[in-house]
Amino acid sequence: MTITYTILITPDPESPGWWNAEVPALPGCVSCGQSYEEALEKIREAMEGYITLLMEHGDPLPQDVLSARIPVEVAV
């Protein structure tokens, strides 16, 4: 079975070169890495563990969150 969730990956402001990753639909499912690619790999592992535990406990799988990018004009 393949499940797709939105992932937020942001540079860590306190640790240059590090990236933080989180899955908004899976509360507490967070990870980090020393590169963007490592953060992706680590969050995938965290997601697999999170979803496995949900399924083992018979809990429903959360729906993915909706996301959008909206341009906003601001006066400079």
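The values are calculated or read from the model by the stated rules, or taken from the named source; none is laboratory data. As the structure is a computational prediction, the values presented were derived from the model and not from experiment. As a convention, Cβ positions derive from the backbone with ideal geometry for all residues, glycine included, and neighbour counts pool all protein chains shown.
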Cβ-Cβ below 7 Å, separation at least six or inter-chain, first residue in the range 49-76 and in contact (Cβ under 8 Å) with a residue 12 or more places away in the chain and hydrophobic (A, V, I, L, M, F, W, C), second assigned to a helix (DSSP H, G or I) and surrounded by 10 or more Cβ atoms within 10 Å (Cβ to Cβ): which pairs?
LEU61/ILE51; LEU61/LEU54
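Go through the chain and tell me which strands (runs of 3 or more DSSP E), entirely inside it, have 1 or more residues that are surrounded by 11 or more Cβ atoms within 10 Å (Cβ to Cβ), of a type in the set (Phe, Trp, Tyr) and at pLDDT 95 or above.
It comes to 19-22.
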